[in-house]
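Worksheet for the structure shown next.
The values are calculated or read from the model by the stated rules, or taken from the named source; none is laboratory data. Predicted model only: the values in this text are computed from it and were never measured. All Cβ positions, even for glycine, are placed from backbone atoms using ideal geometry, and neighbour counts span all protein chains on display. Remember, those area values only see protein heavy atoms, side chains included, never the ligands or the DNA or RNA. Shrake-Rupley method; radii C 1.70, N 1.55, O 1.52, S 1.80 Å.
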Amino acid sequence: MSACCHRVASYATVAAAVHHVNPLPTTSSVNCLQVNNRKFWQRRGAGAVVLRSRRWVIEAAFRGGEEVEKRGQPPRCYSLDREAVAVEKGGVDRRTEVMVAVAATVVLGVGNRVLYKLALVPLKHYPFFLAQFATVGYVIVYFSILYLRYQAGKVTDEMLSLPQSPLIAIGLLEALAAASGMAAGAILSGAAIPILSQSFLVWQLGLSYIFLGRKYRFNQLFGCFVVTVGVVITVASGSGTGSLMDAGLFWSILMIISFFLQAADTVLKETIFLDAAQRLKGGTMDLFVVNSFGSAYQALFLCLLLPFLSNLWGIPFTQLPSYLKDGAACFLNIGVMTNRCDGAPLLPLLFVIVNMGFNISLLHLLKISSAVVSCLASTLSVPISVFLFTLPLPYLGAPSLLPRGFVGGAAILVVGLLVYLWTPPQNSSTTQSLAS
């Protein structure tokens with residue numbers, strides 16, 4: 001794993017951006033606290049402070065107007081939530097970019113949940129075909145986009161030459177998560193799965209603390225807990241009297257393991273972006289490199305698990321070719337399937353397109369923020385989707401009733417998000433950083 005502080009080579013980005021900054025005293029150093037202090041730079045004529053990374057801390061020494069890297073000394077590091085900034089005239093605050101990405105992720109997440117329900121109307125007998133079609137579609141579309149970005153120069157040979165082992169691990173984790181999730185989802189009730197999915201956030205907090213060395217303030221941990229409570233209340237209030245244990249403890253544990261694998265997958269992707277920034281000397285990994293190769297390896301491992309997965313869906317492996325052929329006919333709405341697959345191929349195609357957009361926006365949000373923030377954005381789409389299913393949507397028949405505890409659960413969820421986003425006053429956080 002990378003160290004808690006990554007030294008930026010030659011500090012060129014800051015030096016180039018601050019042409020009119022008053023020179024610092026000889027042999028003075030720019031430490032973490034000064035870098036995060038907006039007034040420190042503005043007094044020297046710099047523009048807006050722009051957050052560039054959550055993992056870099058910049059330390060430079062100036063001697064006679066030239067920068068000299070301190071060798072033989074470990075960099076000074078303080079435990080700050082935002083650990084590095086760059087100064088740039090006319091720059092745009094990174095928080096604005098994150099908030100826009102969060103909004104896009106929430107909208108696409110809602111569309112993804114609603115369209116999946118609609119796509120299963122014509123393909124209600126062929127959900128396994130829809131899953132395999134989407135997996136193959138991801139590989140084709142992602143590599144097509146990757147090729148175009150490579151031709152445009154946005155993807156470099158250095159990006160493509162980075163180690164493949166983490167990407168293989170991503171494919172394996174996603175395939176195992178899909179297999180375990182399908183196995184448990186076939187047994188558990190529909191209301192139990194969203195409740196158990198809240199373990200995803202807990203796993204992400206723990207794994208990011210262990211493998212990324214990320215420390216969370218009390219309000220962030222408490223906010224995540226409140227968000228989880230809000231989602232559980234929103235979903236559980238509309239379910240029957242069934243218990244999570246009705247299907248057996250084993251299947252609940254298996255579903256929790258599935259979400260653990262998904263959390264490990266997202267933390268590993270965040271690690272890839274952080275390590276790539278070191279290997280690319282300040283550059284960033286294009287997200288389509290991660291998406292393309294990760295999806296390809298996932299498809300490979302799913303092919304190896306195909307006999308097991310087909311049996312989970314009640315399809316004998318020997319009958320799988322016939323099943324896929326009938327599923328394709330239903331998807332295209334041709335032949336004898338014309339009267340049985342109303343809404344195809346429009347609804348399934350819309351789901352696949354929106355699902356791709358959701359995955360891309362989720363990975364982009366993870367790249368510019370963290371795995372926990374991307375999880376919270378995805379979680380926010382749950383109560384919104386529950387509300388939309390109470391509206392008269394086409395193909396779904398009579399709308400569902402709004403759960404009794406929906407308003408209260410949604411309010412608790414929003415409060416949890418606000419608590420998580422609340423930032424303590426600068427002075428108190430500085431004091432705590434120095435104390436640590």
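What the table shows:
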read-out: Loop-located trypsin sites (Lys or Arg not before Pro) in the stretch 94-196 whose Cβ has at most 14 other Cβ within 10 Å (DSSP); value: 124, 154
read-out: Length released on extending from residue 306 to residue 411, taking residue separation times 0.36 nm less the Cα-Cα span; value: 33.6 nm
read-out: Given 154/281; 215/269; 215/281; 124/269, the pairs whose alpha carbons are separated by over 23 Å; value: 215/281; 124/269
read-out: For the stretch 273-422, alpha-carbon Rg relative to the globular expectation (2.2 N^0.38 Å, N residues); value: 1.41
read-out: For the stretch 351-394 versus the stretch 120-155, the gap between their alpha-carbon centres in whole angstrom; value: 18
read-out: Virtual paramagnetic centre 7 Å along Cα→Cβ of residue 336, amide N under 16 Å, in the stretch 103-139; value: 125-126
read-out: Pair residue 221, residue 250: separation of 7 Å Cα→Cβ label points (nm); value: 3.5
read-out: Computed Kirkwood radius, in angstrom, where 1/r is averaged over Cα pairs of the stretch 351-398; value: 12.3
read-out: Whole-number accessible area per residue in Å² for the stretch 107-238, which is evaluated in the context of all protein chains at 1.4 Å; value: 45
read-out: Rounded FRET efficiency, nearest 0.05, which uses the C-beta distance separating residue 393 from residue 236 and R0 of 25 Å; value: 0.65
read-out: Label-point separation, residue 318 to residue 158 (7 Å along Cα→Cβ), nm; value: 5.7
read-out: Relative contact order (%) - criterion: Cα under 8 Å, at least six apart; region: the stretch 271-347; value: 12
read-out: Protection proxy ranking of 101-107, 415-421 - average other beta-carbon atoms within 10 Å, highest first; value: 101-107, 415-421
read-out: Residue-normalised accessible area of the stretch 282-436, given per residue in Å² at a 1.4 Å probe; value: 50
